[in-house]
Amino acid sequence: MEKKQLLNKTFDEIVYYKTGAGPAILLVHGFPANAELWRFVVPVLAEKYTVILPDFFGKEEIWLKDGETSTSLLAESFNDILVHENLSKVLYIGHSMGGYMGLEFASRYPEKLVGLSLVHSSPLPDDEARAEGRRKTVTILQQGGKRLFLKKMVPALFAPAFLESNPEIVERQLNESVQVNDESLAAFYKAIMERRETTGITKNAEFPIQTIIGKKDSIANITKELAGEILANVNFVRVYENAGHMAMLENSRELNVDLLDFAAYCWSRNKT
């Protein structure tokens, strides 16, 4: 896998990885993970596609220029990568926070998307109770409460049965999360909190959208996420019975099949 670094207006530089060959997939991790989150997915996708993985919370410290970021600035960062790689079209796959960024990217550069996959992500805004919880969390993070927050948050991302039977995977995810510097963690969480509602983007999308939902996801509201008024005209929906918020770790084989099917469909519609 080739490591690349690009000067960027959001970061001093943005780090991303590139592997495989063929049509391009932009594979974006969520919060508070890094590109390693996709370790069971990348080798499969790279057999048929060029996979580009931005890495915000990787082994090397990435400092925000002004201590702040937003889904808008992150969407611009992805466009910078596409321009740098001379790519006019891409399939965007985003997990959780990565999906929020993808929806913002879709609002700005719809002509560059052959499809958008939302893996445990949604265009729905937070309800007021959740928004208030996020505001409190930002304060906790800014006051140095990172470790306590992550020790509670990370295990909650997994289905209870997976959590019990795969403690080493959960522990690895927690250990990677606590390595993120406090400033970046708070800034990205604040960006999630301040994201705008994007249901109009999915409803009016001219490209296909894939929605991956875990039935055991403690974060998602399945009823709302399956509401017809927010789904695209062409929408691939999959509900994983035994997954929480981390299908790429909990149900990687099933997810790989679904991502490959979606990618094949999207690129077959864009042969030009």
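Structure summary
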quantity	calculated
Inter-label distance, nm, simple model (7 Å from Cα along the C-beta direction), residue 127/residue 156	1.5 nm
Taking the chain and dividing mean pair separation by its residue count, relative contact order in percent (alpha carbons under 8 Å, at least six apart)	20 percent
Sites residue 1 and residue 252 - FRET efficiency at Förster radius 22 Å, r taken between beta-carbons, to 0.05	0.80
Amide H within-cut-off set for residue 243, under 5 Å, with H built and near neighbours excluded	215, 216
Inter-probe distance in nm under a simple model that places probes 7 Å from Cα toward Cβ, at residue 142 and residue 268	5.0 nm
Cα-based reach from residue 48 at 15 Å (exclusive), listing aspartates and glutamates while leaving out same-chain residues under 8 positions away	258, 261
Gain on full stretching of the segment that runs from residue 178 to residue 88 - 0.36 nm per residue minus C-alpha separation	28.8 nm
In Hz, Karplus ³J(HN,Hα) per residue of the stretch 255-261 (6.51, -1.76, 1.60; θ = phi - 60°; x = Gly, Pro)	5, 4, 4, 5, 5, 5, 4
Share antiparallel - DSSP beta bridges, the chain, percent rounded to 5	30 percent
Pairs of lysines in the stretch 65-204 (C-alpha under 15 Å apart; 8 or more residues apart or interchain)	5
Net dipole in debye of the stretch 2-268 [+1 Lys, Arg Cβ; -1 Asp, Glu Cβ; about Cα centre; nearest 20]	160 debye
Estimated FRET transfer efficiency when R0 is 41 angstrom, pair residue 47-residue 221 (beta carbons, to 0.05)	0.70
Residue 108-residue 18 FRET efficiency (beta carbon distance; Förster radius 30 Å; 0.05 resolution)	0.85
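No value in this document is a laboratory result; all are computed from the given coordinates. Since we're looking at a predicted model, the values are computed, not measured. Glycine also receives a Cβ, built like all others from the backbone with ideal geometry; neighbour counts cover every protein chain displayed.
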